[in-house]
Amino acid sequence: GVPGIGDKTAKKLLHEWGTVDNLLNSLDKLDNAKLRQKLAENIESARQSLRLATIDTHVPLDNFDWEHCEMRIPELTMLTQVLTDLQFNSILRDLPKILADFAGGERAEAPEVAPDPSERPLDLKLEVVTTMEQLHELVAALETQAIVAFDTETDSLDPMAANLVGISLAFGATTATEARSLYVPVGHLEGEQLPLETVVAALKPFFENPEVTKTAHNAKYDMNVLSNYGIQVRGLRFDSMLVDYLLDTSRPHGLKEVAWDRLRYRMTPISELIGTGAKAITMAKVSIEKAAPYAAADAAVSLELVELLNDQLVKDGLVHLFTDIELPLVDVLASMEQYGVKVDMGYMGQLSHVFGNRLKELEQEIWGLAGQEFNINSPKQLAVILFDKLQLPVLKRTPKKEPSTDASVLEELSSQHEVVAKILEYRQLTKLKGTYVDSLPELINARTGKIHTSYNQMVAATGRLSSERPNLQNIPIRTDEGREIRRAFVPSLPDHVIMAADYSQIELRLLAQIAQEPVFIEAFQKDEDIHALTASQIFHVPLAEVTKDQRRMAKTVNFATIYGQGAFSLSKVLGIPMGEAKAFIDAFWQHYPKIKHYTIEAVALVKRRGYATTLLGRRRYIPEINDKRLRDFGERTSVNSPIQGTAADIIKIAMIRLQKALTERRLKTRMILQVHDELVFEVPNDEVETVRELVRETMEGAYPIEVPLKVEIAVGPSWMEAK
């Protein structure tokens, strides 16, 4: 249960100390400082793991029904239906093997497992390309195809660091079993294969030919991998993963899951080839004989999905959303990821030192306020300090009935004792230091010297983009520490600056548009301060007399309508009595009745048809609306999904148009980051004014609505200084 301590080290420690308790009670005697720190920071986790791993020998067994412990073959029809309903697709896929293994054990007399009658055999017309003659024939065939599916096999999940192991292609028919399925091995450690350089040179004209229609499942990954070898894929017309996401964001979109859900093909999981966990190998170590059918199936199945998924796109009226927004965005995101962003590592090293010193200061301050030293990272020790020693009220308990010290509890207690606010600051700083300051250097690509964050188009149910390696969305905007981290993001070229363009209050503007609230619409058209306007309404004071504190509270009330907060939540956020919070909400509804009407209508619409839509037709299915336990979440989601989803659609449109304009005008400016409602560019000094006007015009005109969209643009030597 301790991160960084594996099987070998754990056995050594237990051999030396005898028991976990002896070890944890003697940490000060450990010579290894790093080991001592790892254990000290995870004492509770270690004890919890010990409890979970220890067999309780005191359970009363006198009247236990042993017969019901005997393992039996389940009733397959019922089991399959339950697993299907719960979307346990991996278990469904592996069920025949699981039951076969079970039947082959001690209970050899177990009945034969009946196959799922809906399952289809995936027998491919497989060809492995290992000679120049085969390669030349393949290249000639590719240029004449109406559509070709492609996929890559690599040795890493990070496309910008991955080495190409093989390329699979499928074409010539609309079904996987009838299509020609080929695998071109190039990077296996053993087996007959053509040189990588030869294959890349031969296939580059095909991949870069925009006239040959191409499809893939999660094409951006493969495009980025191929870019490492000088290939820029053109002619992408379909992405089965992207379309499956558009059709229903609540489904799993991996190829194996989609193949089973949509086509009833049971595909081989990657774990059967490379294993799992610490003992997993890379695809390069898998034999060509085993890799070829696995890889070729990926391309063949994605080819068959095209017609099926496209028909559903047409039926659901989502073709324009795919062809005009999501598909062209793939090229934009791939370009951003391939270019990357420079991070000032010297500065990050300094920041790590500053954050480390501040954490030590906070530790001393917390110990001083608590009256004793303790492990601040230990929830159990922290609970003793807060609730036993300082006698603060217990607001929530864990599933084990112990007092909770999670963030929501600490935030509510922060006004009752100074130490709580310090603990919150300590936690935030620890998270930022570990997640960004100390981790960003590990993400630097050795070849480019940059960070290449990966954008996810198919994760957020609202349609918003998310990112990983690193997760840029979680860098705090309003804290000094978050801003200092942004200072590390700098131009990668001399005589360049960072330009940041941020949509101003886009969600409130879209709320005004969607709800058709005339007071909001007029205020935005006149470029008035919407938060001050709400403050004047709920506090009953003239607009000119609104105070900063009143505006701050009104801002919270405005956004509470989008996120569906009630009086209880609002009172906690504002730190006011619930009655006062309810009065604010009532005043808001009284002055903006169209918004109230919208919230009621949005919920009713989702209850009737099962999904919410954006202004551009994006769907989000919300089954929680009819679940008593999750109804509140379903209702809040019904209200905010059209707003958040439309904001996501608009910034995507802006990104596509900006990328096109930058290319057509042959500008050297590069779009390098997208975070929430903000776009970040690396701009040559001599293009700043041109690009400023282009960005403003494009972003503000991305989607025509009554309420004017407004963009705030700033320029500076770093991301932080461009804010």
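The values are calculated or read from the model by the stated rules, or taken from the named source; none is laboratory data. Only a predicted model underlies this, so the values are computations on that prediction, with no experimental measurement involved. Cβ sites come from the backbone with ideal geometry, for glycine too, and all protein chains shown count toward neighbours. Heads up: the accessible areas ignore ligands, DNA and RNA and are worked out on the full protein's heavy atoms, side chains in. Shrake-Rupley method; radii C 1.70, N 1.55, O 1.52, S 1.80 Å.
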Problem - Members of region 36-58 that are part of a helix (DSSP H, G or I), open to solvent by 60 Å² or more (accessible area, probe 1.4 Å) and farther than 20 Å from Phe374 by Cβ - result: Leu50, Arg51, Leu52, Ala53
Exercise for the section: Restrict the check to region 209-225 and report whether at least one residue is free of Cβ contacts under 8 Å to residues at least 40 places away in the same chain, surrounded by fewer than 19 Cβ atoms within 10 Å (Cβ to Cβ) and closer than 30 Å to Tyr455 by Cβ. Expected result: yes
Fill in the blank from the handout: From the option list Ala554, Ala532, Ala560, single residue qualifying as in a helix (DSSP H, G or I) and at pLDDT below 90 is Ala560
Practice task
Please determine, by comparing only the residues of region 457-473 that are touching a helix residue (DSSP H, G or I) at 6+ places or on another chain (Cβ under 7 Å) and part of a strand (DSSP E or B), which one is nearest to Asp649 (Cα to Cα).
Solution key: Ser466
Exercise for the section: For region 660-676, name all the residues that are surrounded by fewer than 20 Cβ atoms within 10 Å (Cβ to Cβ) and over 22 Å from Arg469 (Cβ atoms). Expected result: Lys660, Ala661, Thr663, Glu664, Arg665, Arg666, Leu667, Lys668
Practice task
Keeping to region 475-497, report how many residues are in a loop (DSSP other than H, G, I, E, B) and surrounded by 14 or more Cβ atoms within 10 Å (Cβ to Cβ).
Solution key: 7
Handout entry: Selected residue (only one of Arg483, Arg509, Arg487, Arg469 is closer than 17 Å to Ile562 by Cβ, touching a residue at least 12 places away in the same chain (Cβ under 8 Å) and of a type in the set (D, E, K, R))
Key = Arg509
Exercise for the section: Give me a count of the residues in region 243-260 that are open to solvent by less than 20 Å² (accessible area, probe 1.4 Å), part of a loop (DSSP other than H, G, I, E, B) and of a type in the set (Asp, Glu). Expected result: 0
Problem - Some residue of region 364-384 being assigned to a helix (DSSP H, G or I), of a type in the set (Asp, Glu) and open to solvent by 70 Å² or more (accessible area, probe 1.4 Å) - result: no
Practice task
Kindly provide the set of residues from region 13-35 that are loosely packed, with under 12 Cβ neighbours inside 10 Å and either in contact with an Asp or Glu (Cβ under 9 Å, 6 or more places away or on another chain) or at pLDDT 85 or above (or both), ordered by number.
Solution key: His15, Glu16, Gly18, Thr19
Handout entry: Failed item in (1) part of a helix (DSSP H, G or I); (2) modelled with pLDDT of 70 or more; (3) farther than 27 Å from Thr174 by Cβ, with Thr77 passing the rest
Key = (2)
Practice task
Give the number of residues within region 644-695 that are in a helix (DSSP H, G or I) and within 30 Å of Ala612 (Cα to Cα).
Solution key: 16
Exercise for the section: Could you tell me which residue of region 310-323 is most open to solvent (accessible area, probe 1.4 Å), considering only residues that are within 12 Å of Arg618 (Cβ to Cβ) and part of a helix (DSSP H, G or I)? Expected result: His320
Exercise for the section: Output the number of the condition that Thr174 fails; it satisfies all remaining conditions of (1) of a type in the set (S, T, N, Q); (2) assigned to a loop (DSSP other than H, G, I, E, B); (3) surrounded by 15 or more Cβ atoms within 10 Å (Cβ to Cβ). Expected result: (3)
Completion exercise
Note: among Ser240, Ser168, just one is in contact with a Phe, Trp or Tyr (Cβ under 9 Å, 6 or more places away or on another chain), at pLDDT 95 or above and buried (at least 24 other Cβ atoms within 10 Å of the Cβ), namely Ser168
Fill in the blank from the handout: Among residues of region 138-151 being open to solvent by 10 Å² or more (accessible area, probe 1.4 Å) and within 28 Å of Asn456 (Cβ to Cβ), the residue nearest to the chain's Cα centre (by Cα) is Asp151
Completion exercise
Of (1) at pLDDT 90 or above; (2) closer than 18 Å to Glu44 by Cβ; (3) open to solvent by 60 Å² or more (accessible area, probe 1.4 Å), Lys396 fails just (1)
Practice task
Report the residue count in region 569-590 for those that are touching a residue at least 60 places away in the same chain (Cβ under 8 Å) and either surrounded by 15 or more Cβ atoms within 10 Å (Cβ to Cβ) or touching a Phe, Trp or Tyr at 6+ places or on another chain (Cβ under 7 Å) (or both).
Solution key: 1
Practice task
Assess whether Ile650 counts as being open to solvent by less than 40 Å² (accessible area, probe 1.4 Å), touching a strand residue (DSSP E or B) at 6+ places or on another chain (Cβ under 8 Å), hydrophobic (A, V, I, L, M, F, W, C) and closer than 25 Å to Arg692 by Cβ.
Solution key: yes
Handout entry: Thr448, sole failed condition from (1) crowded, with 20+ Cβ neighbours inside 10 Å; (2) over 18 Å from the mean Cα position of the chain (by Cα); (3) modelled with pLDDT of 90 or more
Key = (1)
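Yes/no per residue for (1) over 15 Å from Lys422 (Cα atoms); (2) in contact (Cβ under 8 Å) with a residue 12 or more places away in the chain:
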{"site": "Lys342", "(1), (2)": "yes, yes"}
{"site": "Gly371", "(1), (2)": "no, yes"}
{"site": "Ile376", "(1), (2)": "no, yes"}
{"site": "Ile385", "(1), (2)": "no, yes"}
{"site": "Asp388", "(1), (2)": "yes, no"}
Exercise for the section: Output the residues belonging to region 457-474 that are over 16 Å from Ser250 (Cβ atoms), buried (at least 20 other Cβ atoms within 10 Å of the Cβ) and more than 9 Å from the chain's Cα centre (by Cα). Expected result: Leu472
